[in-house]
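Below is one structure; the comments refer to it alone.
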Amino acid sequence: EFQLPSIGPGNVLGDLLSSEEINKTYLEKIYRTKENSYIPILASLIKTRDTFINDKKYSDFTFVESSDIYIKEHLKAIIESYKKKNLNLDDIEILAPMYKGENGIDKLNKLMQELVNPEDENKNEIKYGEVVYREGDKILQLVNDVDNNVFNGDIGYIKGIYRKERDNIILIDFMGTEVEYRQDEYINFTHGYVISVHKSQGSEYDNVVVILSE
């Protein structure tokens with residue numbers, strides 16, 4: 001009942017359940033999270049459209065109420081807190097629903113680059129349209145590339161930016177798989193500090209910040 005509709009033809013399971021002609025059992029026990037986790041409770045509230053009351057602190061969930069104009073400041077505070085605690089910034093992923101807008105993925109990625117991988121005279125960088133790619137940047141692959149063994153949704157880091165055979169090359173390391181991109185191939189990736197909720201499906205992260213702007 002709460003599953004997403006099928007991508008292909010038909011919606012077999014949903015149709016069977018709605019027919020009232022077969023027996024069904026609701027699975028209410030969550031096995032994929034710790035017993036004291038608040039996340040499955042919150043997910044259930046969202047599914048049933050019940051009211052969420054932000055009146056307690058939980059070990060694995062924090063809700064920060066904010067007007068849109070202060071979202072970036074809250075994000076900055078979270079990142080600075082990570083830095084002060086010497087936590088690994090690779091263990092955090094930021095999700096947002098949309099690319100455009102003041103609190104959209106594009107502008108949040110620019111902010112995150114400034115916070116996590118700022119301009120450095122020892123790091124090569126290149127401008128592509130309105131985006132600056134810099135050595136050390138976190139990158140999200142946007143298309144399947146079977147020949148190079150990288151796929152839509154893979155996360156990597158820029159290992160080098162250099163000239164090669166009259167072309168500007170960006171070398172990206174995807175967990176040991178290194179891929180060279182010519183300038184006409186830059187469209188195949190984007191910054192990966194902030195990614196869409198859609199792109200994150202099927203992935204796992206130690207810590208997640210979800211930006212919900214009006």
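Summary of computed values
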read-out: Ranked packing of 173-186, 39-52, most packed first, by mean Cβ within 10 Å; value: 173-186, 39-52
read-out: Percent antiparallel among DSSP beta bridges (both partners in the stretch 66-214, rounded to 5); value: 75
read-out: Those GluC sites (Glu not before Pro) in the stretch 47-86 that DSSP places in a loop and that have at most 15 other beta carbons within 10 Å; value: Glu65
read-out: Accessible area in square angstrom per residue, the stretch 6-127, 1.4 angstrom probe; value: 81
read-out: Net dipole in debye of the stretch 134-196 [+1 Lys, Arg Cβ; -1 Asp, Glu Cβ; about Cα centre; nearest 20]; value: 240
read-out: Global form of the chain, assessed from the alpha-carbon gyration tensor, a/c cut-off 1.5; value: oblate
read-out: Dipole axis of the chain (+1 Lys, Arg; -1 Asp, Glu on Cβ), positive-most option in Leu212, Val132, Gly104; value: Leu212
read-out: The stretch 80-214, relative contact order [Cα under 8 Å, separation at least 6], %; value: 31
read-out: Charged-residue dipole, Cβ positions (Lys, Arg, Asp, Glu), the stretch 6-136 about Cα centre, Debye nearest 20; value: 300
read-out: Loop trypsin sites (Lys or Arg not before Pro), the stretch 72-150 (other Cβ atoms within 10 Å of the site Cβ: 11 or fewer; DSSP); value: Lys85, Lys100
read-out: Unit charges at the beta carbon, dipole of the chain: most positive-side option, Ile71, Asn188, Ser59; value: Ser59
read-out: 25 Å Cα-Cα reach of Lys57 towards lysines, excluding residues that sit fewer than 8 places from it in its own chain; value: Lys29, Lys34, Lys47, Lys72, Lys76, Lys83, Lys84, Lys85
read-out: Extension gain, Lys24 back to Ser196 (0.36 nm per residue minus Cα-Cα distance, nm); value: 58.5 nm
read-out: Percent carbon-and-sulfur accessible area, the stretch 59-150, ignoring ligands, DNA and RNA, probe 1.4 Å; value: 49
read-out: Estimated 222 nm signal from helices in the chain, with DSSP H stretches of n ≥ 4 weighted -39500 (n - 2.57), rounded to 500; value: -6000 deg cm²/dmol
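The values are calculated or read from the model by the stated rules, or taken from the named source; none is laboratory data. Here the structure is a predicted model, which means the values were calculated and not measured. Backbone-built Cβ (ideal geometry, glycine too); neighbour counts: all protein chains shown. In case anyone asks, the SASA skips ligands and DNA or RNA and just uses the protein heavy atoms, side chains included. Shrake-Rupley method; radii C 1.70, N 1.55, O 1.52, S 1.80 Å.
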